[in-house]
Amino acid sequence: MRATVGIMTAFLATAAAAQEVTSVESATLRGLDKIDGALSDIEITRGETKSLGRLQISLEDCRYPTGDPQANAYAYLTIVDRYDPELAFDGWMIASSPALNALDHPRYDVWVLRCNTS
């Protein structure tokens, strides 16, 4: 997982050098409970923690290319399973490529939909 975070950091640093980004206060995530098939949209603000079942999801930052808020958003998330002492996820998720750096959890999937600009 740390290698993936390192690769993602290098990728994001390269992408940031190529274009200017805007950081915003909130994001919309989507969560899936793989057991019952329930989908949940999660509106979350920077520094806030929201629950999805037994997961605790915290947003550190949400960014998108300046001048194009509908383009590729990416968010830094920390996700903890209340029943597991290790972090379930800690890093950047990219809206257009959710499998690139995904949450690996037996019951839940979480991915970024967009940064909220208003």
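Numbers at a glance
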| read-out | value |
| --- | --- |
| Loop-located chymotrypsin sites (Phe, Trp or Tyr not before Pro) in the stretch 31-90, at most 12 other Cβ atoms within 10 Å (DSSP) | Tyr83 |
| Cleavage-rule hits (trypsin sites (Lys or Arg not before Pro)) in the stretch 73-118: DSSP loop, at most 13 neighbouring Cβ within 10 angstrom | Arg82 |
| Loop-located trypsin sites (Lys or Arg not before Pro) in the stretch 35-68, at most 15 other Cβ atoms within 10 Å (DSSP) | Arg54 |
| Integer Hz, Karplus 6.51/-1.76/1.60 couplings in order for the stretch 45-54, x for Gly and Pro | 9, 3, x, 8, 10, 10, 9, 9, x, 8 |
| Which of Ser40, Leu29, Pro98, positive extreme of dipole for the stretch 15-115 (C-beta unit charges) | Ser40 |
| Order of Ser51, Ser118 under a 10 Å beta carbon neighbour criterion, fewest first | Ser118, Ser51 |
| Projected label distance in nm at Asn116 and Glu60, using a 7 Å step from Cα toward the beta-carbon | 2.1 |
| Placed amide H near Leu113: partners under 5 Å, 5+ positions off or other chain | Thr28, Leu29, Arg30 |
| Built amide H within the under 5 Å cut-off of Thr49, gap 5+ | none |
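None of the figures in this text is laboratory data; all of them are computed from the coordinates on show. Given the structure is predicted, the values throughout are model-derived calculations rather than measurements. Reconstructed Cβ throughout: ideal geometry from the backbone, glycine too, with neighbour counts over all protein chains shown.
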